[in-house]
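K.L.:
Shown below is the structure under consideration.
The values are calculated or read from the model by the stated rules, or taken from the named source; none is laboratory data. Bear in mind that the values here come from a model prediction, so they are computed numbers and not experimental data. So basically every Cβ, Gly included, is an ideal-geometry build from the backbone, and we count neighbours across all protein chains shown. SASA here: full protein model, heavy atoms, side chains in, ligands and nucleic acids out. Shrake-Rupley method; radii C 1.70, N 1.55, O 1.52, S 1.80 Å.
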Amino acid sequence: MIWYPYEQMKTMKKPYEIKKAQGVYLYTEDQKLIDSVSSWWCMIHGYNHPELNEAMKQQIDRFSHVMLGGLTHEPVRKLSDKLAEWLPGDLDYCFFSDSGSVAVEVALKMALQYFMNRGETGRTMILSLEHAYHGDTFKTMEAGDDEDYHFVLNAYGKSPYVVHIPTEIERLEEAFDTYHDRLNCLIVEPLLQGAGGMRMYDVSFLRRARELCDQYGVLLIFDEVATGFGRTGNRFVADLVLPDILVLGKALTGGYIGHAVTVSNKKVFDGFYDDVPEHSLMHGPTFMGNAVACSVALKGIEIFERENYMEKIRRIEEISKREMLGFTEEGIREVRVMGGCTCVEVEDAGILKGYQQFAYESGVFSRPFLNYMYSMVPYIITEEELVKVFDTMKAWFHRV
Ligand SMILES: *Cc1c(COP(=O)(O)O)cnc(C)c1O
């Protein structure tokens, strides 16, 4: 049987069975649903996109996969060239992997080994944020900070290798004061913390983080697995503040197939580039640089640029603000909007109990968690469809 994610299998309600998906719509036997969460935030071009389908089919007819151990191919070369050209600064060195969690693991390993390669073996610590989410593998759980997901780590007691701080500049400065010579990196989900509750914070925090990292020689890692490809209203937050290592996943392949990339700048790459074999980055996921994944990623980026997605996202943000900012009802703590993300935070998780089924019956697929009702819509959504998503949210508070 299927073991579902984040579910108590004994009490879970039956999942909706999808028969067909097209554009922003999911189809069950009896319902047509706007997918307001883009299948965990990755389906930015919508479902069943003819050009993305075609890109994959064409590559499958050439070959689906060859390993990158001793072999290479055009799709992976083209994608790394494209990313190097497209991403800001000298974020030019692309290490591929099969999921966001693994790509974050790679980033954390890179940061640790960067200093070990220089003989700085005391830099074993990571600075990260409260409410951070960086994935579900062990080191990413440790860098993350979410009791609701990762309480299993309590089995080990508190890790001496990670310090978590809130997104306050004063606390950032304090942490650097105390730990600067033991830190190898600061890792953040920039501007928007997703799974930790759609928490939004100001770019001034990131600017100060960049200064402090420069001052103390600490590497700055942006986990843009969720925020990349326009979700915050910026193409990448890295366009505003340049990290040393950038992690992309989710929307990288337009949600078609699992793939992710850890992109480093020249400084980090050069920390591995010498005559010592032991200074190599010892990592190599079986499916890294998968040819089908790279082909669909390239096509996705082409569409993102050609169809001016940043303009679409600006429109989504505008409509979201118009429809949702200032919306208040009993039990709502805060409504916040950033780019293609809208969140209604409620006082008590119980308030959202039953919302998913309510939304289903209204023709919207939603997946609230804890105290958060949110939308992260596909960018191809029309105004009418987007308004329907918000009307459904509002109707939940107006029922009875
Ligand atoms: C989803 C997510 C991950 C993990 O990606 P997977 O592909 O699910 O392993 C890591 N970091 C952030 C910020 C994410 O939102």
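K.L.:
Among residues belonging to segment 122-136 that are in a loop (DSSP other than H, G, I, E, B) and within 24 Å of the chain's Cα centre (by Cα), point out the one that is farthest from the ligand (Cβ to nearest atom).
P.N.:
Result: GLU130.
K.L.:
Can you pull out the residues in segment 165-196 that are in a loop (DSSP other than H, G, I, E, B) and more than 12 Å from the ligand (Cβ to nearest atom)?
P.N.:
PRO166, THR167, GLU168, HIS180, ASP181, ARG182
K.L.:
What is the residue count in segment 59-103 for residues that are of a type in the set (Asp, Glu) and over 15 Å from ALA291 (Cα atoms)? Write out each step before concluding.
P.N.:
Step one: of segment 59-103, the residues of a type in the set (Asp, Glu) are 61, 74, 81, 85, 90, 92, 98.
Then drop every residue that is not over 15 Å from ALA291 (Cα atoms), which leaves 85, 90, 92.
Residues in segment 59-103 being of a type in the set (Asp, Glu) and over 15 Å from ALA291 (Cα atoms): 3 in total.
K.L.:
List the number of the failed condition for LEU112; all other conditions in (1) over 30 Å from VAL276 (Cα atoms); (2) out of contact with any helix residue (DSSP H, G or I) (no Cβ under 7 Å at 6 or more places or on another chain); (3) open to solvent by 20 Å² or more (accessible area, probe 1.4 Å) hold.
P.N.:
Unmet condition: (1).
Condition check ((1) in contact (Cβ under 8 Å) with a residue 40 or more places away in the chain; (2) exposed (fewer than 14 other Cβ atoms within 10 Å of the Cβ)) across all residues:
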site: PHE96; (1), (2): yes, no
site: VAL106; (1), (2): yes, no
site: ASN117; (1), (2): yes, no
site: GLY122; (1), (2): yes, yes
site: TYR133; (1), (2): yes, no
site: ASP146; (1), (2): yes, no
site: LYS158; (1), (2): no, yes
site: THR167; (1), (2): no, no
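K.L.:
Can you tell me which of LEU220, LEU212 is farther than 29 Å from GLU345 by Cα, part of a strand (DSSP E or B) and among the aliphatic types (A, V, I, L, M)?
P.N.:
The unique qualifying residue is LEU220.
K.L.:
Given segment 22-109, what strands (runs of 3 or more DSSP E) lie entirely inside it while holding 2 or more residues that are among the hydrophobic types (A, V, I, L, M, F, W, C) and either closer than 17 Å to ILE303 by Cα or more than 16 Å from the ligand (Cβ to nearest atom) (or both)?
P.N.:
32-35
K.L.:
Sticking with this structure for a sec: Scan segment 194-218 and report the pairs whose first residue is open to solvent by 60 Å² or more (accessible area, probe 1.4 Å) and whose second residue is in a loop (DSSP other than H, G, I, E, B) and within 16 Å of the ligand (Cβ to nearest atom), with Cβ atoms within less than 6 Å and a gap of 6+ or a chain change.
P.N.:
Matching pairs, first to second residue: ARG199/HIS131.
K.L.:
Right, another one. Given the options VAL247, VAL237, VAL296, VAL241, name the one that is aliphatic (A, V, I, L, M) and out of contact with any Leu (no Cβ under 8 Å at 6 or more places or on another chain).
P.N.:
After applying the criteria, what remains is VAL247.
K.L.:
Something else now. Confirm whether GLY119 is more than 16 Å from the ligand (Cβ to nearest atom), in a loop (DSSP other than H, G, I, E, B) and over 26 Å from LEU192 (Cα atoms).
P.N.:
Numbers: more than 16 Å from the ligand (Cβ to nearest atom): yes; in a loop (DSSP other than H, G, I, E, B): yes; over 26 Å from LEU192 (Cα atoms): yes.
Yes, satisfied.
K.L.:
Can you go through PHE222, PHE205 and tell me which one is more than 12 Å from the ligand (Cβ to nearest atom) and among the aromatic types (Phe, Trp, Tyr)?
P.N.:
PHE205
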